[in-house]
Structure formats: structure tokens, C-alpha cells
Amino acid sequence: MANINELKNYDFTLREKYWQQFWEDNQIYKYDPASQKEVFSIDTPPPYVSASHLHVGHAMSYTQAEFVVRYKRMMGFNVFYPMGFDDNGLPTERFVEKKYKIDKSHTSKKEFIDLCLQATKEGGETYKKFWQSLGVSVDWSLLYSTINEHCQRTSQRSFIDLFQKGLIEHKEGPVIWCPKCQTALAQSDLDDLEQNTFLNYIDFKFEDGTTAPIATTRPELLPACVALYTNSKDPRFAKYIGKKAKVPIFNYEVPVLSDDNVDPAFGTGLMMVCTFGDGEDIERWKRDSLETRIVFDKAGRLTDKAGDYAGLKINEARKQILEDLKENLVKQDAISNVCNVHERCGTIAEFIVTPQWFINVVDHKADWIKRGDELNWYPKFMKSKFDAWIDGLKWDWCISRQRYYGVPFPVWYCDDCGQIVLPSDDELPVDPTSLAAPKNGCSKCGSKKLRPEHDVMDTWMTSSLTPLINANWQYPSDKNLMAKIYPMSLRVQAFEIIRTWLFYTIVKSHYHTDSLPWNDVMISGWGLDEKGRKISKSLGNFVEPEKIIEKYSADALRYWSAESTLGQNLRYNEEEVKVGKRTITKLWNASKFVISHLEEYQFQDSDNQHLEPADRWILSELQKTIKAYHKNFSVYEYAKAKDAVNSFFWDKFCDNYLEFVKYRLYDENTSEESKAAAKWTLYKALYNILQLFAPIMPFITEEIYQLYFINQDKNISIHLTQLPQVEKGLLINDQELKFSDILLIVQEVRKYKASKNYSIKKELSELIVEMTNDDAKNYTDLLKAVLSFQKITAGKGETTLSPDLKITIKE
RNA sequence: GGGCGCUUAGCUCAGCUGGUCAGAGCAUCUCGUUUACACCGAGAGGGUCAGAGGUCCGAAUCCUCUAGCGCCCACCA
């Protein structure tokens, strides 16, 4: 047995590394497929490996999830806790483009993908190291990467399954487009951007020679104008309905149509419809079969349809057109409006018309709402974000991207009959662009002229499958894993990806397995900087968790993470990390003291026969703590669970019980029975404290466990022990034992000494106690030793502490 | 424009199924070398719980409205 007193300090830098390795070597976190224990499976966000720098907010959200995992493991579950890296798709591409200062149009596809794979590999290693240094208890043998063969196969099978079920369509139409990334996007890829701009009032000339203005923030869309609309009840413009108007500068005629959804009070009451400025345009274009005039190309420049403006960028064209409008530009109002930008690059998204693949989601809104209702949301209010997203859903999910690095579509097109040709299941995964087309040719006409699909899938097409990827869904022969871990017990994630990751995963599981992907979802808030701002590189408020760990330890950082109520944002607060560090030291010191008195002690249940009031009190407080701990942790309220242990440990155990028990341990005259009772209590209390702290601070608790408790407990690690449950027999009530009176006396005497500026140890002559409920002489030894009185006597008290309790202090 | 969250001691936050709920930690002040720990201990000061109404015997806690902050959504053509 190590002698804890010989260890001067706890060197967290050294020891945390040691335990990381120890846990890894001993496979503490391994999922056991053979076990009969109930499985608890967790779906965690696969981070983009291209986010080369992780900040303290990431550390926060992952550790918050991890508290729960550790709790469940110590509750006896067979924990399935995988980690994935999301390394396909646009984020990685953009990372590579930035890092190597290239873009995909000037690099070969192969070269580009190689660089992406390289970045993926490097990123993955950095990440793994980082999670390990945080003490994240992932089973690394379950690591998946969304670009690996397994995930590609799952994604392609998902595609084929949905296609065969008629839920996927290849269609040409207006699609949200990023001119910078030059790819189609889904609605969920958009962010809002507020910008200051001008509402321009532009005169159109009508057949009868009169003019009337429309209002637009986007004059560069003039050459795309295909109709004007007005409300039929608008006396100003109703006369134009059915007539033609001439588009300024471009001098072609467009019809004036009526639409009573047009608000006469809005703009000028005369609305310009272009192909395409926004969803309104598209709606009317579809409904009224308007002409199509596409004036933006894929790179965000004006096309030949824009006449003299062809080749100009959108911004340049706007400027030029406004200038050229001259007297047709009757007024400009400065306004601020909100436009949609691509969330990955901040570029304003446009609409163009190209063929793309879509998953039908808009027609199934009722299903999504129903699934959302079935899911257990922690915290509950997060569900409203999901409902709101479904409510606002307008576009089917566009899953094709005109990029390189991603999962290919398993699709060929028959040049002769137009048939869409798919590979068979056992051929997956395939890359149609590098693989010979299916030997048998077109499945419909037999033609050998097959053209591969060049697009790749949206990254969410893969990450929406994480529960199914983990469960080996794509191998129908492996029913076992699927049955055990799916639907998964819990999804953990942050709130901003409810509309993407959470939503799409629900879509997939609903379509593929007609079930929810998980039973519970736990949504964390964001880690913010000290001032409450979102952490980002551009703000220069980046707090690197590695530096915090180096300075204060991973346990201390985790302690801070456990501060926030579930779902609330949490400001980074170095003071709180320091408190965590102090808690570690306190644990170390208290344990040093306790264990030094337990060195020859052999724990046995029978030693609890002679518990003294102080023992019974602390054991009862411990039971209350355990109760509160479970109550909170079972609903993922780790912060409240932590608070419960924390105040028990610090206030009850250290500041009081240890003081109460010292005289029994030191005094040679103490009976063996009393000593045994004290040791029994110390053993039990400290052991439980360590266990309860273990999910939050896995390192220091393991360290102390291994120094002493392991010798009697025989588990490999504290993290494989079972958390204590409330022992009702140890709970006491006030009728049974009025120990609260003793605490009142202690407090009063301490207050007295403080007011006199006495040392807490200064000996006073006499304490007279008047107690009705309990016999004061039961506590004589305790009060005498703890409060330093020459004698304790029963008698008339002068100071009233409670209705039943009076005392007199005599110097 | 709509929705959600937040607004409680100087700071960061609990409490919000209504009645020891006015709390914790940090910071501040006073004191204390007490053989686990000065990365400590004892004690003190500090808030009309954003504002205004309402329900109730009673509200930080429920309802209504207002203001500020944050996030999400929305067609200002």
C-alpha cells in the first residue's frame, strides 16, 4: 500500500497523463458485447476535424455529455460510447482551401481529395489527444470517421433505401446556391445576416404611358424581372392588371398580374417578381407559370441575359444599374434588412436552376412533429426550437453538393432511356466516377451508355446516420448490435444544430426504421467568453482548453463545465476553474488525513454497531446527498448533482465531521469501539464522496481510490465501481437524534470566539448547556474537545439558540 | 414581425410544482499558525429578486403588460 503521507503533493500534470494511459491500457471504457447488463448507448456529435482549434466551449459541451456517460457507467450500465469524426464535406474542403490557399477549380480532384484526407488524418489525431487529455471516457475502439468505407456504405445504402421507397427525387428547379462554394445548399445551411442597404424606388412605364414605382433592395435583379403584381383592390394600380409594363434599362415587357396576397401598404404596393430573388418569387413563378430569366451564373456573375452587365459581379451590377437608372430611380430609403448567407462562408446565397437530389421532408411535417413529441427533451424548452424549425420548413432537403470531398452518389444515368441505375447492395460503397459502370448496363433498356453522377452528398446525409452507423445497420446480418444499442439511449448535442443534425437524424430513422433514433436528447448551451460573447477566432477571445488544463488540470476545467444548468449558456470563468483546482487540493488533503488514520483498518460491516451521534449525523447527511445526487443526475442535471456532493464534502464532512472526529482518533483513551465506529464512518463517507465526484473529476478521484480503497474494494478503477444508493437505515430524523442542536452550539461558540478575536482553539472554562430534547451529557466529550472547554455542564442557559436549547459560555 | 431563453448581493449563478426563498461561490472586511489543508479555518457586511399591474391569507416563484440583453425563425417585395 502506498503511504499517502509520503506524497507531498498531487502533481496533476503527471498523474492525469498517467491515468489516461492506465484507463486506455486497462480498457476501462470498453463496451462489452457479451455482457448481459443493460446497455446505455450515446450518440455524440462527430466534430469537424477541420476545426483545427478547439476552444473552451467545445470542452464544455463534450464534458457535460461525458458527466452523464460516467454516471451511467457507475450505475452499472454496459456503456456504448463511441466517437466519430465528421471529416467529409464542405467544412473540410474549405479548411483545405484556406490552408493551402487553393480552390477546387484549379486543382485536380484527386489531389484535392488527398489533401482533404491528409487534413482529416491530422485533425483526427489532434482531436483524440485532446479528448483524452480532458478525460473523455470514449471507447476508442468504436471510433468512426464519416469518410471511411463503413460510413460511405451506410450513406449509400441510406440513399438507395430512400430512393426505392420513393422518398428521394432527382429534379430540376430553383435551388439555394452558394456562388463562392459553387454548390447547391439546403435550407438548414443558411444563416441570417443583417445588412444596411437601400430600398430603391424604380419607375416602370406602362402601356398607357403612365409610370409607377416598384420598391426593391435588389435592382440587379431587374433583368430577371418576369412580372409585376398588385392587389386587385388597390385603386392605384388595379388599372394596370392585364396590361404590360416595360422594364427600365432592359426595355422588355412583362405582364402585370393580380395577387391579393400583395400588401398594398408594403413597399409601393406594386411588387416586382424576378427569377429568382426569394421564396415569394418562386412561389408565384411556379403557380403562374412565369417566364424564367436566370441572370446569375454559378459563380455569382451576371449572365448574357443581363445584356451589357454580363460578366459583372452581383455587387458591381447593382451599383452600375443604380447609376444607369437615372431618372427612373425616384427615391432611395436607407433600411436594414436580413438576407440569407451560407453558414460556412458567409456568402449571400442566390437561387439558380439546376438538377439536384432532394429528400422529401416538407410533405411529412406532421411526422416530424409527432416524433418530436415522442422524444424526451432535456431541458424541455429546447423542443420549441425544433417545432419552430419544422414549422418554417419550406424546401425539401437538397442532398447533392457540387463538391469533391464527400460520399459519392451511387448513381448512373442511362444516356439512352434516362433510367437511373443503382448498384446492388453488396457492391457498396461505390464511386461511380472512378468505377466502371454496372456490367449489365441499364437496368431498364440494357444500354451500356451509362453516365456517372459527379455530385457528392451533403455532409448531413452521413452524419444524420450516426445511430445507424454505430449499430451496423447496413449489415442486415448483424442484428445483434442493432438490437442492443438502437434506438440509442441518449443523443447529446448543442442547440444550434437542432435544425440540422437532430432533425435530419430523426428523418432518417423515421424513414429507415420507423422509429426514433434515441429515447432521450440532452441539449447543452454554449460556452461563452468572460463577457458573454460567442467564442470565435475573429473576436480574438479564444480560450484554449489546453492552456487551462496545463495550468489548472483537466479536473478543474471539468469542474467549471459542471457549473451551468443544462441548456444554459455558460461564460468562461477562470475563477471557477480555480475553485475546481482548490477542490482537488482539498480532496487530496482531506483524503490524506482520513487515509492516514485508516492505514491498518479493514472495513467490515459489523463495525457500525457503535456509531456515535456525530457518525450517525454525517452518515445521514451522506444519504440525503446521495438521494439528491441521483435525483438530479437521472434527469441529466449534473450541475445540481455536483452542488450536492460539493456542499456535503466541503461544509459537512470537512468543516464539521472531521473536526468532530479528530479527538476520537488522536486520543489514546478512546475506546476501540468508538475508534472503529469513527473509522467505519470515515471509510464509507470518503469512499462515497470520491465516487460521487468521479463523474465530474475522474482523475483526482481515481488517484485517491488507487492509493487506498482499491486494496479493499478490488475493482480495477473507481470508474468501474457502483455508485452508492441511499441506505434508508442510515437516515435519521430530528426525533431520533437532535444533532442540529449540537451544530447550533458549535456555531454559537465559534461566533463568540470570533467576536472576541480568539483563536478557535483558545480554551474557555465552562459551557453550560440547557437542552430539553436530548441529554447533553451524550455530547460532553465532543463539545469539550471540539470547542475547547475545560468542562461542559448541564444547567441554566442564558443565550437562546432554539426553543429547546439555551447555553451559557463562561470564559 | 413571431418564438424561445435570460434579467436575483460588486461578479458568476442557484432558487421559480407559491408560505424557513432571500441563497452559494468568488470578491470585500475582521479575526485565527487549530498536528489534513493558509490552494485553510471562524465570523461579518452586502440584494425593496429588471419595472408596473393582477390573482391569493401569502409571490423572486402563477397571470398580464413594459423595458433591456441574447439566440432562433420570418416574403419587407
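Within the stretch A:602-613, residues that are at pLDDT 85 or above have Cβ atoms under 6 Å from residues that are of a type in the set (Ser, Thr, Tyr) in these pairs: A:Phe603/A:Tyr683, counting only partners at least 6 apart in sequence or on another chain. Each residue in the stretch A:644-673 was checked for being open to solvent by less than 10 Å² (accessible area, probe 1.4 Å) and within 14 Å of A:Leu782 (Cα to Cα), and 4 pass.
From A:Asp363, A:Asp387, grab the single residue that is open to solvent by less than 80 Å² (accessible area, probe 1.4 Å), within 30 Å of A:Lys165 (Cβ to Cβ) and free of Cβ contacts under 8 Å to residues at least 60 places away in the same chain.
On the way: A:Asp363 fails: open to solvent by less than 80 Å² (accessible area, probe 1.4 Å).
Answer to the check: A:Asp387.
Cβ-Cβ contacts under 8 Å between residues 6 or more apart (or on different chains), taken from a first residue in the stretch A:272-293 that is modelled with pLDDT of 90 or more and of a type in the set (Lys, Arg) to a second residue that is more than 7 Å from RNA strand B (Cβ to nearest atom) and open to solvent by 20 Å² or more (accessible area, probe 1.4 Å), are listed as A:Arg293/A:Lys305.
Looking at A:Trp368, A:Trp377, A:Trp357, which one is within 16 Å of RNA strand B (Cβ to nearest atom) and not in a helix (DSSP H, G or I)? Going through A:Trp368, A:Trp377, A:Trp357 in turn, the sole match is A:Trp377.
Among the conditions (1) more than 11 Å from RNA strand B (Cβ to nearest atom); (2) farther than 22 Å from A:Ser133 by Cβ; (3) open to solvent by 10 Å² or more (accessible area, probe 1.4 Å), the only one that A:Phe593 does not satisfy is (1).
Here's a check for you: in the stretch A:557-590, which residue that is basic (Lys, Arg) and open to solvent by 50 Å² or more (accessible area, probe 1.4 Å) is farthest from RNA strand B (Cβ to nearest atom)? The selected residue is A:Lys578. List the helices (runs of 4 or more DSSP H) that sit entirely inside the stretch A:662-751 and contain at least 1 residues that are free of Cβ contacts under 8 Å to residues at least 12 places away in the same chain and away from RNA strand B (no atom under 16 Å from the Cβ). Counting at least 1 such residues, we get A:672-693, A:710-713.
Assess whether A:Trp518 counts as being among the aromatic types (Phe, Trp, Tyr), buried (at least 19 other Cβ atoms within 10 Å of the Cβ) and more than 11 Å from RNA strand B (Cβ to nearest atom). Even if it seems obvious, please write down each step before you answer.
Working: among the aromatic types (Phe, Trp, Tyr): yes; buried (at least 19 other Cβ atoms within 10 Å of the Cβ): yes; more than 11 Å from RNA strand B (Cβ to nearest atom): yes.
Yes.
Contact map, the stretch A:104-120: residues that are under 18 Å from A:Tyr48 (Cα atoms) paired with residues that are at pLDDT 85 or above and of a type in the set (S, T, N, Q), Cβ distance under 9 Å, separation 6+ or inter-chain. Pairs shown: A:Thr120/A:Ser145. State all residues of the stretch A:305-336 that are within 39 Å of the chain's Cα centre (by Cα) and open to solvent by less than 40 Å² (accessible area, probe 1.4 Å); if no residue qualifies, say none. A:Ile314, the sole residue that qualifies.
Looking at A:Glu599, is it within 14 Å of RNA strand B (Cβ to nearest atom) and either modelled with pLDDT under 95 or closer than 30 Å to A:Gly567 by Cα (or both)?
Working: within 14 Å of RNA strand B (Cβ to nearest atom): yes; either modelled with pLDDT under 95 or closer than 30 Å to A:Gly567 by Cα (or both): yes.
Here the answer is yes, as A:Glu599 does meet what is asked.
Remark: pairs (first residue in the stretch A:629-643, hydroxyl-bearing (Ser, Thr, Tyr); second residue within 14 Å of RNA strand B (Cβ to nearest atom) and at pLDDT below 90; Cβ separation under 7 Å; 6+ apart in sequence or on different chains) = A:Tyr636/A:Leu566. The condition (being open to solvent by less than 10 Å² (accessible area, probe 1.4 Å) and either modelled with pLDDT of 90 or more or closer than 30 Å to A:Lys37 by Cα (or both)) is satisfied by just one residue among A:Leu730, A:Leu690, A:Leu720, A:Leu707: A:Leu690.
Among the residues of the stretch A:443-452, not a single one is surrounded by 16 or more Cβ atoms within 10 Å (Cβ to Cβ) and out of contact with any strand residue (DSSP E or B) (no Cβ under 6 Å at 6 or more places or on another chain). Of the strands (runs of 3 or more DSSP E) lying entirely inside the stretch A:195-305, those containing at least 1 residues that are in contact with an Asp or Glu (Cβ under 7 Å, 6 or more places away or on another chain) and near RNA strand B (Cβ under 9 Å from one of its atoms) are A:225-230, A:270-274. In the stretch A:680-693, the count of residues that are over 22 Å from A:Ala628 (Cβ atoms) and among the polar types (S, T, N, Q) is zero.
Mind counting the residues in the stretch A:472-528 that are in contact (Cβ under 8 Å) with a residue 12 or more places away in the chain and in a helix (DSSP H, G or I)?
At the first step, the residues of the stretch A:472-528 found to be in contact (Cβ under 8 Å) with a residue 12 or more places away in the chain are A:473-474, A:480-481, A:484-513, A:515-528.
Applying the additional criterion that residues be in a helix (DSSP H, G or I) yields A:480-481, A:484-485, A:495-513.
Residues flagged as in contact (Cβ under 8 Å) with a residue 12 or more places away in the chain and in a helix (DSSP H, G or I) within the stretch A:472-528 amount to 23.
Of the helices (runs of 4 or more DSSP H) lying entirely inside the stretch A:530-615, the ones with 3 or more residues being charged (D, E, K, R) and more than 18 Å from the chain's Cα centre (by Cα) are found at A:545-552, A:574-596.
The values are calculated or read from the model by the stated rules, or taken from the named source; none is laboratory data. Everything numeric in this text was worked out from a predicted model, so none of it was measured. Virtual Cβ from ideal backbone geometry, glycine too; neighbours counted across all protein chains shown. What goes into the accessible areas is simple: the full protein's heavy atoms, side chains included, and nothing from ligands, DNA or RNA. Shrake-Rupley method; radii C 1.70, N 1.55, O 1.52, S 1.80 Å.
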